[in-house]
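Quick notes on the structure that follows.
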2 protein chains.
Amino acid sequence: MDLNQVIFREAKIQDLDRIVYMLSDDVLGSKREDYKQPLPDSYINAFKSINSDPNNELIVACYGREIIGVQQITFTPFITYQGGSRATIEGVRTAPSVRGKGVGSELIKWAIQRAKKRGCHIVQLTTDKNRPEALHFYEKLGFMPSHEGLKLHL
Amino acid sequence: MDLNQVIFREAKIQDLDRIVYMLSDDVLGSKREDYKQPLPDSYINAFKSINSDPNNELIVACYGREIIGVQQITFTPFITYQGGSRATIEGVRTAPSVRGKGVGSELIKWAIQRAKKRGCHIVQLTTDKNRPEALHFYEKLGFMPSHEGLKLHL
């Protein structure tokens with residue numbers, strides 16, 4: 001595939017089925033997601049919340065008519081760092097058919113450019129320690145694993 | 001001090017000077033912050049952005065008339081985890097005069113309760129690996145260091 005032909009844009013509601021499919025088609029994702037027809041309302045409600053929030057962008061990578069990747073970018077103003085904004089990347093996934101072809105890197109590079117355009121001073125994300133290959137992937141893109149990422153499930 | 005007398009509320013613009021002072025009064029914070037009179041506009045602008053965003057809450061801990069702690073909580077809808085919302089805690093700091101007295105724990109417990117009220121299924125945060133005591137602090141509160149926290153400074 002020609003990476004120059006991949007287009008990035010905000011997701012539409014019609015893309016949601018494919019997005020949830022991609023998120024569920026993964027070792028960790030298969031335990032967390034509930035991909036079925038029709039899609040559970042919880043996904044649709046989350047999409048609407050993201051779509052109506054100017055500080056959240058759900059971005060898909062498209063190749064021709066096919067959606068081959070997804071990520072969510074959240075922009076947050078903080079008091080720390082003299083009042084700077086940060087971009088947080090979450091839910092990055094590419095379709096199995098294009099894995100290893102550089103689409104994931106292009107997604108993250110796109111997010112970094114988007115963060116710069118929005119005046120952010122940090123791009124951040126957390127990655128599960130059960131995905132060592134993902135850590136290496138992000139380090140190659142310039143991210144530093146300077147922090148512990150802690151989660152508390154309620 | 002009597003922890004039962006500590007009150008938590010959303011920060012007001014009048015609290016901002018004290019908040020920035022607390023954030024700057026710290027080994028890592030002293031390198032990042034610019035506490036001076038008058039406060040740089042960047043802090044005021046960040047405060048206004050947070051204050052006008054229903055998904056961001058800047059919370060102070062008060063003891064009598066004194067502000068003794070601060071944290072920011074961001075609520076984010078995600079497609080992952082079947083469309084759940086998460087609370088992210090950032091910029092937690094207590095005043096030196098009350099360190100070791102349990103105010104930090106009360107702040108985090110308050111954030112957890114707030115996250116439950118808002119229907120979140122995860123509370124998350126990242127902590128700098130240069131603060132090993134902070135990692136232990138959060139683990140005692142039930143957080144699992146399951147993720148690497150990666151940052152890219154732009």
- Message: I want to verify a result. In a Gaussian network model of chain B, Cα cutoff 10 Å, which of these has the top mean-square fluctuation: B:17, B:41, B:26?
- Response: B:41
- Message: Please compute the modelled spin-label separation between residue A:52 and residue A:109, points set 7 Å along Cα→Cβ, answer in nm with one decimal.
- Response: 3.7
- Cα-centre dipole for the protein assembly as shown with unit charges at Cβ (Lys and Arg positive, Asp and Glu negative), debye to 20: 40
- Task: Consider all pairwise Cα distances in the protein assembly as shown and report the whole-number % of them above 30 Å.
- Result: 33
- Sulfur and carbon atoms: percent of accessible area, the protein assembly as shown [1.4 Å]: 49
- Task: Between the chain alone and the structure with every protein chain in place, find the residues of the range B:75-99 that drop at least 50 Å² of accessible area; heavy atoms, 1.4 Å probe.
- Result: B:77, B:78, B:79, B:80, B:81, B:82, B:90
- Query: Taking the Cα centre of the range A:14-124 as origin and charging only Cβ (+1 Lys, Arg; -1 Asp, Glu), how large is the dipole, in debye to the nearest 20?
  - Reply: 420
- Find out how many positive minus negative residues lie around residue B:20, taking Lys and Arg as positive, Asp and Glu as negative, among other residues whose Cβ is under 13 Å from that of residue B:20. -3
- Message: Which of A:61, A:46, A:11 ends up with the largest GNM mean-square fluctuation for chain A, with Cα atoms connected below 10 Å?
- Response: A:46
- Item | Inter-copy label distances at residue A:139 (7 Å, Cα→Cβ; nm, one decimal) | 2.2
- Message: So with the 1.4 Å probe, I'd like the accessible area per residue for the protein assembly as shown, rounded to whole Å².
- Response: 47
- Message: Assume the label is 7 Å from Cα along Cα to beta carbon: what separations in nm does residue B:113 have to the matching positions in the other copies?
- Response: 4.8
- Connecting every pair of Cα atoms under 10 Å apart in chain B and solving the GNM, the largest mean-square fluctuation among B:123, B:70, B:60 falls on B:123
- In whole angstrom, note down how far apart the Cα centers of the range A:1-60 and the range B:18-49 are. 37
- Note on the structure: Here, residue B:13 and residue A:130, labelled 7 Å along Cα→Cβ, have an inter-label distance in nm of 4.8
- Note on the structure: If the chain between residue A:118 and residue A:137 were fully extended at 0.36 nm per residue, the gain over the current Cα-Cα distance would be 4.4 nm
- Item | Largest-first ellipsoid semi-axes for the range A:3-140, taking √(5λ) over the Cα gyration tensor eigenvalues, angstrom | 23, 18, 16
- Query: Just how many pairs of Lys in the range A:3-140 have C-alpha atoms closer than 27 Å, counting pairs that are eight or more places apart or on different chains?
  - Reply: 25
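Per residue of the protein assembly as shown, what 222 nm ellipticity follows from adding -39500 (n - 2.57) for every DSSP H run with n ≥ 4, rounded to the nearest 500? List each step's numbers first, then the result.
On the way: 12 runs with 104 residues, N = 308.
Mean residue ellipticity, 222 nm, calculated: -9500 deg cm²/dmol.
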- Work from the charge dipole of the range A:33-154 (Cβ charges, +1 for Lys and Arg, -1 for Asp and Glu, about the Cα centre) and give the residue of A:152, A:104, A:35 farthest towards its positive end. A:104
- Message: Just to confirm the numbers: residue B:102, label point 7 angstrom along the Cα-Cβ line, distances to the other copies in nm, shortest first?
- Response: 5.8
- Message: Need one value for B:46-57: mean number of C-beta atoms belonging to other chains within 10 Å of its residues' C-beta atoms.
- Response: 4
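The values are calculated or read from the model by the stated rules, or taken from the named source; none is laboratory data. Please read all numbers here as calculations on a predicted model, not as lab measurements. Here the Cβ is made from the backbone with ideal geometry for all residues, glycine too, and neighbour counts use every protein chain on show. Remember, those area values only see protein heavy atoms, side chains included, never the ligands or the DNA or RNA. Shrake-Rupley method; radii C 1.70, N 1.55, O 1.52, S 1.80 Å.
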